[in-house]
Structure formats: C-alpha cells, structure tokens
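For reference, the structure is listed below as structure tokens.
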Amino acid sequence: MRPRVVIIGGGFAGLHAARALRDAPVDVTLVDRTNHHVFQPLLYQVANTSLAPSDIAAPIRWILRAQRNVTVLLGHVIGIAPEARTVEVAGQGAIGYDALIIATGARHAYFGNDWWEAHAPGLKTLEDALDMRQRMLLAFERAEWTADEAERRALLTFVIVGGGPTGVELAGTLPEFARVALRPDFRRFDAGTAHVVLVEGGARLLPAFPERVSATARRDLERLGVEVRTGTPVSGVSADGVTMGAEHIAARTVFWAAGNVASPLGRALGAPMDRAGRVLVADDLSVPGHPEIFVAGDLAAVRWDADRWVPGVAPAAMQMGRLAGHNASRLLGGVATTPFRYRNKGEMATIGRNKAVAVFGQRFAITGRLAWFFWLFVHIMYLVGFRNRLSVLLQWAYAYFTFQRGVRLVTPRDPARPTAGTA
C-alpha cells in the first residue's frame, strides 16, 4: 500500500497542500465539513449583495477532479488520535494516516463573550455572509413598516465592530449601497439616511498597515459618511445595540470583525498553543513531538522574524499549505523537511468605489484609484476557476456602471423574516 496522507480542511491551506502532493507517490484523502472551497477575502461582497455565493465558491471535488491520487470526503472531523495515527469523522468512524495535515482555519472571537454572536455575526463562511445579508436587507424592510422614528433610526444604524480590513471593507460599501442603490426603492423613508458606525478598540484603523495608510483609510471612510470611533472598546452587545463604557448606540444591526480564534481541533494534538488557540509549530510546520503531523493556515502560529508572527491572510495560508504538502512527501520519502519562509506579497483593503489602500513591504504603499484597480486585479486572479473570474468581473462591471447590486434577495431561511404585508 502507498503511504496515506490525510488533509483536514479545504480552505486555502488545505487545497494548496493537496495540489503540492499532485506528483507524490501517496494516496491523499481530503476531509471537509462542506463540499466547497470559499474565497474568503470576498465574503463581505456576498454580505453586501454585490456577489452571489456561487461567484466566490467552487466544489472541492471539481477543483481537484484531475488529481487522481486525491479522494475528497464530506465529513466533520471530531477528534484526532496522534498515537494511533487516526482521525475520527462524525458518523463515519476512523481514517488512518501516515502523514496528517491540519488546516481547519479560525473563527471570529468574542473575547469570552460568546453570547454576543447571536446579535453580532462574524464573517468566515458563506452561511455567515448570507446571515449578514439577510440582517442588512431586513433592517431596511422593517424601516419601511415602522411609524416610530426612534425605531427607524435604530433600524437604519449599522454598527461594525473591528477596524481591520474586513471591518473597513464592510463599512466602506454600506453608505453607497444605501444612498444610491436603495434610495429609489423605498417610499416611506429615505434609505440614504442610513448611518454606519465603525468601532475600533485600538488607537487606529488597519493597525497592521503604516500609520499614514491608516489615516488615509479613515479620511476616505469619513468622506463616505461613516462615523469612525477609535480607542473605544465595546463592552456589551445586545439586540438593542452596542455599549461602549457609559455610552450606548441604539442599533438593530451589528456586524463583528474584531478578532479570530483558531479551530478547536488543534487542542486534540496536546501541543503548545498561543492565546488565540493556534498551534505553536516547528519551523517546518510540524507539531513538536509528532513530525508526521503538519499544521497550516490560520491554525498555525509561525514566526515571521524575531518580532513578528506570520499574519492570518490568504497568501500566507497558501504558502504554508504548499510547504506542508511538500514536507509530508519528503517525510514519507525519507528526505529531510525544509523550514517555512514567509514571502510577504502585501496587504490590501478596499474602501468603497475607487478607493483602496495597498502596502508592499515596509515602505511602498499606494492609495486611491490605483490601489483600487490593483485590488480588483489581484482578487480576480486569485479566484478559483475561469467561470468564477468571469462572473465576478461581470458583476463588478454591472455595479460600477449602474450603481446597482444584483443579489438583493430576502429568503425564507431567516426565521426572523417579517411576514406582515406579504401575500
């Protein structure tokens, strides 16, 4: 029998690990709890109605269809037995391995206040994006019904917690959507009066970017009409809004973009972890004490240099996934593994129409329209499959020239959907 490599997770890291094993003399089994790979950097565009879920997702089986040494299984891994070299899949039993690659990513963190999630969803999966889209559209629908001006103001107030790239991108798209796309559609109120509040607990937005770039992002957001609050940590979230110390903002829609916590599967390894639950791996991405187990993507805590950790971004996950796949092949072939070296390809965030920021290395940065076009190009090229690239390009062109959004459906999947007035 050929050596068996099991990969848990079909995100950026897991997918690139499988591809790295294309020519290796091994049998690969990739297990994921969904049947699709999602391009996470564009999830917020599903949430803001710019794109459909199918535009940024593709079936994992289809992506790997030409790789004959890969078997894709739909299943939820609930345990790992490192000593027995098996993974436990809910309802399906155990799968044995000779080498294991874990790439199960991360979820949004509420810093010990997990009950906030019911009122402030995060954005990591297609389900999260659809939930956000429902909440946003329903807020406008309910505002059309109410005659209470205070309630209408609360319905039209959108609070986004977290000033990283996801929070900035969400905040930048909402004002234009309300003022241009929705304003002609409602009769009992002015959709353009929607108020967006971006709350960041730290001293500035986009803390991973240089200060001058953060200042540019804040200026662009404020010109769009976004109220930016920095240095104001959130102390409470409820169905009525957000509390920051003694101040309360009445808002019926709150979105969370403030931090991540690693997948709980990492705890099954018995390895050292950091405060975010990431596994502190060796320089070749293996788990200390278990050289046959590799961790990649957002679940891995890897040193970039003496002062920095590798950031949880898509390019880093791709690079880790590729190395994990190659190192698994080397290990099984009796060849020494190689250490991970992160190649920083830059960081970007879009801030609405014709506005974006991009940083490359320590000194070079671009902002404005040039950064926006560069952001468009990079994201189109990273999408999986020609169909997705073409579909996203057409959707963006339609939105750019018509100022409209093509995916504004309120579906019955939300049990809170209002029924009054419907046929």
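Assorted remarks:
- With only the Cα atoms considered, segment 237-319 has a convex hull volume of 147 Å³ per residue.
- Value of Rg/Rh across the chain [Cα atoms, Kirkwood radius]: 0.98
- Residue ranges 350-358, 167-175 sort as 167-175, 350-358 when ordered by packing (mean number of other C-beta atoms within 10 Å per residue, highest first).
- Under a 5 Å amide H cut-off, with hydrogens placed 1.01 Å from N, ILE80 pairs with GLU88 among residues at least 5 apart or on other chains.
- All Cα pairs of segment 114-258, percent lying beyond 24 Å: 29 percent
- Gaussian network model of the chain, springs between alpha carbon atoms under 10 Å - residue of ALA90, ALA106, ALA18 with greatest fluctuation: ALA90
- Counting every other Cβ atom within 10 Å of each residue's Cβ, THR166, THR146, THR367 order from fewest to most as THR146, THR367, THR166.
- For LEU73 and ALA147, a Förster radius of 60 Å and the Cβ-Cβ distance give a FRET efficiency of 0.65, rounded to the nearest 0.05.
- Each Lys and Arg adds +1 at its Cβ and each Asp and Glu adds -1 at its Cβ; summed about the Cα centre, segment 1-98 shows a dipole of about 260 debye.
- Restricted to Cα atoms, segment 312-399 shows a radius of gyration and a Dmax of 17.2, 54 angstrom.
- Fraction of beta bridges assigned by DSSP in the chain that are antiparallel (%, nearest 5): 50 percent
- Reciprocal of mean inverse Cα separation for segment 47-186 (Kirkwood radius, Å): 19.1 Å
- 3J(HN,Hα) along segment 167-175, derived from phi through the Karplus expression 6.51 cos²θ - 1.76 cosθ + 1.60 where θ = phi - 60°, amounts to x, 5, 5, 4, 5, x, 8, 5, x Hz, with x in place of Gly and Pro.
- Whole-Hz Karplus values for segment 240-256 come out as 8, x, 10, 10, 10, x, 8, 9, 10, 9, 6, 8, 8, 10, 10, 10, 10 Hz, taken residue by residue from phi with 6.51 cos²θ - 1.76 cosθ + 1.60 and θ = phi - 60°; glycine and proline positions read x.
Just so you know, all these numbers are worked out from the coordinates, no wet-lab data involved. All values reported here derive from a predicted model rather than from experimental measurement. Cβ sites come from the backbone with ideal geometry, for glycine too, and all protein chains shown count toward neighbours.
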